[in-house]
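The values are calculated or read from the model by the stated rules, or taken from the named source; none is laboratory data. Bear in mind the structure is a predicted one, so any value in this text is a computation, not a measurement. We place every Cβ from the backbone using ideal geometry, glycine too, and count neighbours over all the protein chains shown. Note: accessible area is taken over every heavy atom of the protein model, side chains too, but ligands, DNA and RNA are not part of it. Shrake-Rupley method; radii C 1.70, N 1.55, O 1.52, S 1.80 Å.
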Amino acid sequence: MAKATGISKAVAVGIGVITVSSVCGLVLMVVMFQLEIEGNPPLVPPTPTKPQVIPTDLPTNLRLFDYLIPESYNVVLQPYFYGAITNNYTNQSFFFTGNSTVKFKCMKDSKTIFLHVHNLNVTNVEVKSDSNEILKSSYTIHYNASNFLEIQLEGKLSGNGTYYHLFTNFEGELFENLNGLYVNRYTEKSKDEDEEDEERFLATSLLKPTDARRVFPCFDEPALKATFKITIIHRPGIKALSNGVGDEYSIEIHGEEWVVTQFPTTPNMSTYLLAFTLSDFTSKSIPAGTYMHIYAHREAIAAGHADYAAEITHPILIRYEKEFGLKYPLQQLDQIALPDFSVGVMENWGLISYQESGLLYDKETGSTFDKERVATQIAHGLAHQWFGNLVTMRWWNDLWLNEAFSTYMSYIGVEAANWDLKDLIVLREIQSAFQVDSLNSSHPLSMYENDIQTFSEIIELFDDVTYSKGAAVLRMLSSFMTETAFMRGVKTYLNNFKYNNTVYSDLLECLQKETNLDLEGFMSTWIEQVGYPVITIITQTGETSQEQFLLKPGVGHNIPWQVQITYIKSDDLGLKKDLLKVNGPVRRPHFQLKDEWVLANINCTGFYRVNYDEENWNKLQMQLEENHDIIPLINRGQLIDDAFNLARAHRLDLNIALNLTQFLVNDTEYIPWESALKNLDHLILMFDRSEVYGAMTKYLRKQITGLYEHFEEYTKNATIPVDYTDQLNQVNAISVACTNGLPDCIEMARSLFIKYKNGTNRIHPNLRRAIYCSAIATGDEDDWEFVWEEYQRTTVAAEKDKLRYALSCTKEIWLLNRYLEYTLDPSKIRKMDMVSTINYIAKNVAGQPLAWGFVRSKWSYITQEYGAGIISLGSLLDGVTKRFSRDVELEELKQLQRDQDKNENGFAARALQQVIERTEANIKWVNENKQNVKNWFNGQL
Ligand SMILES: [Zn+2]
């Protein structure tokens, strides 16, 4: 699944308990689904009864018993909605009913059964022995964060592996809340040109991490794997998809026509990987041995927007089969593009779900970056079919085993689709992980199992540490033990634990067999410890030491990491290695230098920063200015990133970092530029509300002019360079040049935009985002309204995203305020886009105070409405507070935290702590460096 941070509203919704006793003595049968169909569905869907709410404390342990082991489920679901409302259908309804039978094994005598249920009205519960004898029982639903369905038996269950059957009937509602089983609305162009667009409905699911319990009562923990036989009864005109190839037939219930789709029994799998979609989507099939389709709304399939996904899926799959040494285990591999989906990709086994922009690509309006996004998302989703689906972490504390592998492997998978993104892992994963992991409020890759219990604790693990640091640490491990040995160990790991669950030591054991190096000693420091080290090399003495790198100076932990220092020296460019196991300082004769320089962490294979004495920094800077090609490409970027962050952490003179941006006038490569721009961007955020900004923007204009001119021929001719990283850098050139007022750029953007307004959009798709933004920033209300109309008109998600971003670039306060209001109106801005839209507005200096004011004033609404799902409230907080560097802003954040504590709702608690810590660090840093920054930039003019 793609990254997110969110929170639970379970606690806020109401803490209570309700007890329902089954009618004693009444003989109820475990009804087969066929009988259910005949007897159950009423013409008018049932109204769920309101549960009686009695306050109750949250149990101290939210985990299920380990001695009740589910083996197989038989689940029937019947949603009542229609895909389209036509004259014939007047009773549109968003209810569903269902029943489930789970066969489970009991390993210890017991009188109680605990399983999960959430937001369902359970109408009947029955427990039977394997010989069909009914056990008298009563049941209780815990309306708190435990989500427990507790069944009390009059007699008892026998241990020793005795089998039982638990039957439940339930009813639920399809909300538009993006989790559990929920509804999407979208419009479809009418076949008749003159007719208005038609409204359509579909139902889909997102069950990761803990929302299978919203669909049917179940043992909803990843290690409680079972097989599932799913049956969906639905309206005609809708196709039901799930984790296998469905079999359809029509039936009549109470005089109405229904369709039954039955799916084959799944392999042993975790509940969170189930998927259900019901839509009138069409599909493009992929010619391959496996049954493969790409599903999307009709227009998209007809226009060929699924063609690219169809073209690359099979090659990536084949590549993984070869790399992992295991065939894709299922008969079916479907992928579906959903209008409303809160994560980029969800890896449901055999039915992977995407946001439309993650799966669909339009040749006409799509940029190369849109195309790459599709490849990257597919590669992530497919990697999960092994990492996560076939082999699953035992509990969420080891979520990184799923996500780090899928993230890391996606860089290998996309090669099969002709994308070479390997070097970009440094920008996309490593540098982002460095940011969050430099805070005291970060967390170790692998957490203690007991520390991760509630929904909010689980959901907060979907962050840059789990995904990006995880991928970085795997990359480091692969480099440490060699890639060949690493991949051999990975194959063993997958093969040994297929259809099973693991903890991270299982992985290390498999890898250890492939090498004589001490992996346990090496890896435990990176997996179990929070943070990462900065290595300091003093070239006068050769003294080398390590210390935890913290953005805000303070007390870290002093347990050393095992660090493999790779390095080159100016007089010997051959790669050397050195293992550092202690904090130090230890004397390393090879680091004691006279005239030469040393450069450590070659290609940034290690997850650490490097600091040097000032003399070595200066020599490296000289080298970059004389001939930057001597320094490996990735290191040209990493030197800049390290220097700026060391300066932020008060470990290095900021002038040294700033000096490192000077050689860029002679470098046109993307990685160094992107690293510099990211860090200068942070400086801009710190100072764009102060008088320092004038000098900064002049310097940026001066530095970017060369790069802008380097790509100008392409830009003028509406073409793009061949090389992908050059394409990325062309966009950097345009967006920095226009933002910092380079007249040529602004004029170019303006004239292209005017042609677009007049009816011909010949802006190359790669440049649209930057050019639309510049035009809106320098344009008026009429331009804004034009883009807003275009946004509403276009049905291609990737183009919509570019327009949605551009709308945030205006300097008009009233337009920004109105746009903010739109973000909470799902008919204008889809729910899944709320966070990123507000964050775009906050990035605009004119929008910053508005966005923060808006989020603060609507916080309780936002958390109620959006908090229960995976929607990234952590990322919202992160985005709207990036610029925070003033005391009053810190106070406002602390007030929010106090309010939260008072309400005991714990929304995005760790994220809030992280932004407070970052703001404190910024305040201190800005105070100390403002004059310095001003002097340096003024000195450049
Ligand atoms: Zn994932």
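Give me the distance between the Cα centres of segment 821-891 and segment 125-200, rounded to whole Å. The distance from the Cα centre of segment 821-891 to that of segment 125-200 comes to 33 Å. Annotation: extensible slack from Asp653 through Glu199 equals 157.5 nm (criterion: 0.36 nm per residue apart, minus Cα-Cα distance).
Give the distance, in whole Å, between the Cα centre of segment 356-435 and the Cα centre of segment 251-265. When both Cα centres are located, 38 Å separates them.
Between Glu71 and Ala288, take the C-beta separation as r, use R0 = 35 Å, and let me know the FRET efficiency to the nearest 0.05. After rounding, the FRET efficiency stands at 0.65. With both labels modelled 7 Å from their Cα along Cα-to-Cβ, the Tyr499 to Glu625 distance reads 6.6 nm.
Which of the listed residues, Tyr163, Asn389, Gly413, is farthest toward the dipole's positive end in the chain, when Lys, Arg count +1 and Asp, Glu count -1 at the beta-carbon? Of Tyr163, Asn389, Gly413, it is Tyr163. Taking the protein heavy atoms of the chain in the context of the full set of protein chains, the accessible area attributed to carbon and sulfur is 49 percent at 1.4 Å. Peptides 678-686, 551-559 ranked from most to least packed by the mean count of surrounding Cβ atoms within 10 Å: 678-686, 551-559. In the chain, helices alone account for a calculated mean residue ellipticity at 222 nm of -12000 deg cm²/dmol, with every DSSP H run of four or more residues adding -39,500 (n - 2.57). May I ask for the distance between the Cα centers of segment 484-501 and segment 527-606, given as a whole number of Å? First find each Cα centre; the distance between them is then 32 Å. When peptides 347-353, 492-498 are ranked by their average number of other Cβ atoms within 10 Å per residue, the highest-first order is 347-353, 492-498. Here Phe175 and Tyr822 are evaluated by their C-beta separation; at R0 = 25 Å the FRET efficiency comes out at 0.70. Computed from Cα atoms, the angle from the helix 909-939 axis to the main principal axis of the chain rounds to 20 degrees.
Here the gap between Asn268 and Glu812, fully extended at 0.36 nm per residue and compared with their Cα-Cα distance, gives a gain of 190.2 nm. Extending 7 Å from the Cα toward the beta-carbon at both Glu299 and Gln662 defines two label points whose distance is 5.5 nm. Along the Cα-to-C-beta direction of Glu547, a point sits 7 Å from the Cα; which residues of segment 596-619 have their amide N less than 11 Å from that point? Counting backbone N atoms under 11 Å from the label point, the list is empty.
Peptides 333-341, 291-299 ranked from most to least packed by the mean count of surrounding Cβ atoms within 10 Å: 333-341, 291-299. Average accessible surface for the chain: 37 Å² per residue, computed with a 1.4 Å probe over protein heavy atoms with every protein chain in place.
Along the charge dipole of segment 468-580, which of Ala472, Ile527, Asn495 sits closest to the positive end, that is, farthest toward it, with unit charges on the beta carbon of Lys, Arg, Asp and Glu (+1, +1, -1, -1)? Value: Asn495. Here the chain is treated with +1 on each Lys and Arg Cβ and -1 on each Asp and Glu Cβ, and its dipole about the Cα centre works out to around 1260 debye. Values of log10 I(q)/I(0) for the chain across q = 0.07, 0.10 Å⁻¹ run -0.60, -1.24, by the Debye formula with one identical scatterer at each alpha carbon and no solvent. Name the residues whose placed amide hydrogens come within less than 5 Å of the amide hydrogen of Trp386, ignoring near sequence neighbours (fewer than 5 apart) on the same chain. Distant-sequence amide H within range of Trp386: zero hits. Summary value for segment 808-872: 31 percent relative contact order, contacts being C-alpha pairs under 8 angstrom separated by 6+ residues. When only Cα pairs below 8 angstrom with a gap of at least 6 residues are kept, segment 664-738 shows a relative contact order of 42 percent. Of the GluC sites (Glu not before Pro) found in segment 635-743, the ones in coil according to DSSP and having at most 13 other Cβ atoms within 10 Å of their Cβ are Glu691.
A straight chain from Asp572 to Ser479 at 0.36 nm per residue would run longer than the Cα-Cα distance by 31.4 nm. Under a 5 Å amide H cut-off, with hydrogens placed 1.01 Å from N, Tyr612 pairs with Ile537 among residues at least 5 apart or on other chains.
So how tilted is helix 797-806 from the main axis of the chain? Cα-based, degrees 0 to 90, rounded to 10. Between the helix axis and the principal axis of the chain, the angle is about 50 degrees. Taking Cβ atoms as reference points and 15 Å as the exclusive limit, the residues near Glu133 contribute a net charge of +1, counting Lys and Arg as +1 and Asp and Glu as -1. For the listed residue pairs Lys678/Lys934; Lys284/Lys322; Lys702/Lys757; Lys894/Lys934; Lys422/Lys469, the alpha carbons are over 21 angstrom apart in Lys284/Lys322; Lys702/Lys757; Lys894/Lys934.
Between the Cα long axis of helix 307-324 and the first principal axis of the chain there is an angle of about 90°, rounded to the nearest 10.
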